[in-house]
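The values are calculated or read from the model by the stated rules, or taken from the named source; none is laboratory data. Fair warning: this is a prediction, and the values are worked out from it, not measured in the lab. Neighbour counts are summed over all protein chains in view; Cβ atoms, including those assigned to glycine, are modelled from backbone coordinates with ideal geometry. Keep in mind that these areas ignore ligands, DNA and RNA; they rest on the heavy atoms of the full protein, side chains included. Shrake-Rupley method; radii C 1.70, N 1.55, O 1.52, S 1.80 Å.
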Amino acid sequence: MNRNDFLQMIESSGPSDRATIGEVNELISIFPYIQSAYLLLLKGLQNTADVKFENQLRISAMHIADREVLYYFLKRTPEEK
């Protein structure tokens, strides 16, 4: 994953397939303090209706400083930008 792909996922509705979610998860394992990567991971799990979403939400909430941003990012639909 390069920087442009990462920025494009932030601007769009997040990752939409499991391969991209795996890349974001790998990015988190390399750089564990990137809050936006945790946001993208959660949005990807939510988009794919993954069963790991609730557990990952509890873990990621500790790494994200502004929970209001987390809330609105997860509630955002693709039409809203």
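Just to confirm, what accessible area per residue do you get for the chain at 1.4 Å probe, in whole Å²?
On the way: 5500 Å² over 81 residues.
I get 68 Å² per residue for the chain.
Take the chain, mark every one of the GluC sites (Glu not before Pro) that falls in a DSSP loop and has at most 13 other Cβ within 10 Å, then report the longest stretch left between them, sites excluded. It would help to have the intermediate numbers written out before the result.
Values: sites that count: E79, E80.
With GluC sites (Glu not before Pro) excluded where exposed in loops, the chain gives 1-78 as its longest stretch.
Over the chain, with every protein chain in place, what whole percent of the accessible area is carbon and sulfur at 1.4 Å, could you tell me?
Working: 2900 of 5500 Å².
Within the chain, the accessible surface is 53 percent carbon and sulfur.
Go through the range 1-80 and name the chymotrypsin sites (Phe, Trp or Tyr not before Pro) that are in a DSSP coil and have 13 or fewer other Cβ atoms within 10 Å of their Cβ. Spell out each step's value before the answer.
On the way: sites: F6, Y33, Y38, F53, Y71, Y72, F73; in loops: Y33.
In loop regions of the range 1-80 (DSSP not H, G, I, E or B), the sparsely surrounded chymotrypsin sites (Phe, Trp or Tyr not before Pro) are Y33.
Rounded, prolate or oblate: which fits the chain, taking a ≥ b ≥ c as square roots of the Cα gyration tensor eigenvalues, rounded meaning a/c under 1.5, else prolate when a/b beats b/c?
On the way: a/c = 1.18, a/b = 1.01, b/c = 1.17.
Verdict is rounded for the chain.
Hey, got the dipole for the chain? About the Cα centre, +1 on K and R Cβ, -1 on D and E Cβ, debye to the nearest 20? Each step should come with its number before you reach the end.
On the way: 9 positive and 11 negative charges, 32 e Å.
Computed charge dipole of the chain: roughly 160 debye.
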